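The structure appears right after this line, and notes come after that.
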Amino acid sequence: MGRSFASRVSHPRLKWVVLVFWLLLAAVSAPLAGALTDEQQNDVAAWLPSDAESTRALQLQTELGSDPDLIPAVVVYERSTGLTAEDTAAVEADVAAFGQLEALDGAVVGPLPAEDGQALQLIVPLNVGADGWEQIAPVVDDIRAEASDGPDGLAAYVTGPAGSAADSAEAFEGIDGTLLFAALGVVILILLFTYRSPVLWVLPIFSAVIALFVSQAVITLLARHADLTVNAQSASILTVLVVGAGTDYALLLVARYREELRLHTDRHEAMTEAVHRAGPAVLASGGTVVLGMLCLVVADMNSTAGLGPVAAIGVAVTLCVLMTLLPALLVICGRWVFWPVRPTFGSAEPSATGLWARVGARIAPRPRTTWVVTGALLLAACAGTLLLQPSGLTQAESFRGTPQSIEGDAVAARHFPAAAGNPVYVVTTADSAEEVAAATGATEGIASTRPPQVVGERALVEASLTDRFDSEAAYATIERLRAALDDAGDGAALVGGNTALNLDVQDASQRDNVVVIPLIMLVVLVVLGLLLRALVAPVILIATVVLSYGAALGLSALVFDWTLGVTATDSSFPLFVFVFLVALGIDYNIFLMTRVREEAVDHGTRRAALIGLAATGGVITSAGLVLAATFAVLGTLPLTFLTQLGIAVALGVLLDTIVVRSVLVTALTLDVGPRMWWPSRLARRPDEEVGAARDDVPVRSRSGASARS
């Protein structure tokens, strides 16, 4: 980063201007940040692939009078010893009460008796508008309260799409505040341990919170005026990402500033040098994350494509805050903020003989053996991916614990042939309605069909499944039905409904995995090539990233099996884990290798590898702990996908920082030597062999650090 910019953010007078600017911007941003929840789009269309067959069918249903905002609630009553006349009367009273609901759209269907005489079922069609996902919970709560007020021994459950939507909404309720405070809590603890200062942690946390407010405000404005799609999932990930990445960047800058304070009497000069030296690595790291996140816009899934800009904006704003506000705060506070261990001019740099310097000394005599053994262990960990099943989660598997909608679904499955409230919809032309209805009814897995509803030139055929709507058997039925309609020449027929939607989500997610993952790898490869001015080093680093990713997935699958009792994952899980591990994990590659390249100019590549490890090992480990802890906070949520994502990213980051970056990459750099920088001039410089332990390895040399330390 240019010295002119570095000198401005730490200027004795301009530092106050920087502080006032961000404080004013934060004050303006706070109300907008609080309004982000109101801008979230959690309806079906905001998540689905826009060109999928089921999505197009959903859009056409409106023209046929089938409102896509209709959410059926399925109320199931059960008495295991058999229903009584009193039970039947209570259910009839509920039918009358539900008929008065303001959100009712149509007539209550039922009560429908089970063949075993132990259960009754009602279908209550509800419509609370386009924001049904947010508004359905209180309506379902009212239905549950009414249904539960029956004779003793009669159990009542509200399930179906409405029950599931209500339980999901309640799981996300207050999630932003919970995540923010939980993430800040674990980060504060780690910063207290890292800095061993009761004061210093305040500055990175304050900067990260400012970055979060400003980024949320920007996203709110874009959601209002530029059609940016934001949902509960992307808003939750934004909180974790900004706090985690912001603290990571702060750790790197503070570490370099503390190093420079030992080399300069004036703290403003020290900060200028720190921003000048660390700035390029921080900007390259953040820029890589931004570009990696933006690759998501090519995804078919609207929810995945929407996450890209949201996350990119969050990281870009965080970069701006951390590279301007944090330096200003640090020089305003002065050296006392490091109390009780203040870095004084001329004092020794502890990392020169610290833990990672000793680790480097152990690696140096046998680098090839080190990277071969480490690589083999990581490959062994990759074998765990054989347990992973990224074919989608069932409704029951989507929740940790058992909310009432899942209990009710299980009860309904015991007493009724298939779950109600999740029919298959086939949209076709009026001329072919009867043929389509006949072909649908003749398809294996279809229990029954209703007469076609014809409106103008289009018709709607509604059918019931014989299997659970979220089962593999139901998905196979949808595939058979689509094939049968194609074979019958009814190519204009579109198969929709929740089962078809889930199937199309799986297909779109698998396509996104194949397309987006290689694109992100290409972007990262190009950035590394430009930053390191080499071809060999980027290829090697990308290979270590992929190996780290595979090992993280493998270990995560084992953890899921042991702790959650489920090895199935959402179809988008591999892509999300890759995005966060690679886009964020590449930070540690950049932190380490830019320092190694800087030192290689004066010391040669092999010695520079040890210097770089000694200088950055501590801060990379601390940054990894922070990022792992913030993502692990997702594991506290009651939703399986976010829990799995938090566990996988936390494991992957720890693996990346402690093993891959610090051991594997260092060993490879020592083994490959100057050829790492091919085809740059640095690759042609003679390089000394690195021997065993060296207690005199300097931490800095280009400004004379070792001489003055």
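The values are calculated or read from the model by the stated rules, or taken from the named source; none is laboratory data. Source: prediction; values computed, not measured. Cβ atoms come from the backbone with ideal geometry, glycine included; neighbour counts cover every protein chain shown.
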Among the candidates Thr288, Thr304, Thr370, which residue alone is assigned by TED's automatic domain parsing to the domain that holds Leu531 and either in contact (Cβ under 8 Å) with a residue 12 or more places away in the chain or in a helix (DSSP H, G or I) (or both)?
-> Thr370
Assigned to a loop (DSSP other than H, G, I, E, B) and surrounded by fewer than 19 Cβ atoms within 10 Å (Cβ to Cβ), is that true of Pro151?
-> yes
Checklist (1) in the same structural domain as Thr544 (by TED's automatic domain parsing); (2) over 30 Å from the mean Cα position of the chain (by Cα) applied to Ala381, failing item = (2)
Tell me, yes or no, whether region 585-595 has at least one residue that is more than 27 Å from Thr370 (Cβ to Cβ), in the same structural domain as Val526 (by TED's automatic domain parsing) and assigned to a helix (DSSP H, G or I).
-> no
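Okay, residues lined up against (1) within 23 Å of Ala413 (Cβ to Cβ); (2) among the β-branched types (Val, Ile, Thr):
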{"position": "Val455", "(1), (2)": "no, yes"}
{"position": "Asp467", "(1), (2)": "yes, no"}
{"position": "Ala484", "(1), (2)": "no, no"}
{"position": "Gly497", "(1), (2)": "yes, no"}
Only unsatisfied item for Ala316, checking (1) modelled with pLDDT of 90 or more; (2) not assigned by TED's automatic domain parsing to the domain that holds Thr239, is (2)
Flagged in region 361-410 as hydroxyl-bearing (Ser, Thr, Tyr) and out of contact with any Gly (no Cβ under 9 Å at 6 or more places or on another chain), in numbering order, are Thr369, Thr370, Thr374, Ser391, Thr394, Ser398, Thr402
Assess whether Thr272 counts as being among the polar types (S, T, N, Q), over 22 Å from Phe213 (Cα atoms), modelled with pLDDT of 85 or more and in a helix (DSSP H, G or I).
-> yes
With respect to Ala568, determine if the residue is of a type in the set (Gly, Ala, Ser), surrounded by fewer than 24 Cβ atoms within 10 Å (Cβ to Cβ), outside the structural domain of Gly246 (by TED's automatic domain parsing) and under 28 Å from Val310 (Cα atoms).
-> yes
Return the only residue of Val515, Val523 being of a type in the set (A, V, I, L, M) and in contact with a helix residue (DSSP H, G or I) (Cβ under 6 Å, 6 or more places away or on another chain).
-> Val523
Check whether at least one residue in region 239-252 is surrounded by fewer than 24 Cβ atoms within 10 Å (Cβ to Cβ), under 27 Å from Leu625 (Cβ atoms) and not assigned by TED's automatic domain parsing to the domain that holds Ala614, and report yes or no.
-> no
Inside region 393-472, counting only strands (runs of 3 or more DSSP E) that do not spill past its ends, which hold 3 or more residues that are at pLDDT 85 or above and closer than 30 Å to Asp570 by Cβ?
-> 424-429, 458-465
Of all residues making up region 553-579, the number that are part of a helix (DSSP H, G or I) and modelled with pLDDT of 80 or more | 17
Does Asp43 qualify as being modelled with pLDDT under 80, among the acidic types (Asp, Glu) and under 30 Å from Val461 (Cα atoms)?
-> yes
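To keep it simple, each residue is scored yes or no on (1) farther than 30 Å from Arg400 by Cα; (2) under 25 Å from the mean Cα position of the chain (by Cα); (3) in contact (Cβ under 8 Å) with a residue 60 or more places away in the chain.
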{"site": "Ile647", "(1), (2), (3)": "no, yes, yes"}
{"site": "Gly652", "(1), (2), (3)": "no, yes, yes"}
{"site": "Asp656", "(1), (2), (3)": "no, yes, yes"}
{"site": "Val659", "(1), (2), (3)": "yes, yes, yes"}
{"site": "Val665", "(1), (2), (3)": "yes, no, yes"}
{"site": "Leu670", "(1), (2), (3)": "yes, no, yes"}
{"site": "Arg675", "(1), (2), (3)": "yes, no, yes"}
{"site": "Trp678", "(1), (2), (3)": "yes, no, yes"}
{"site": "Leu682", "(1), (2), (3)": "yes, no, yes"}
Got at least one residue in region 195-209 being part of a loop (DSSP other than H, G, I, E, B), out of contact with any strand residue (DSSP E or B) (no Cβ under 9 Å at 6 or more places or on another chain) and of a type in the set (Val, Ile, Thr)?
-> yes
Given (1) part of a helix (DSSP H, G or I); (2) among the aliphatic types (A, V, I, L, M); (3) within 34 Å of the chain's Cα centre (by Cα), index of the condition Ala361 fails | (3)
Candidate set: region 493-537, residues that are part of a loop (DSSP other than H, G, I, E, B) and aliphatic (A, V, I, L, M); chosen: the one surrounded by the fewest Cβ atoms within 10 Å (Cβ to Cβ) = Leu535
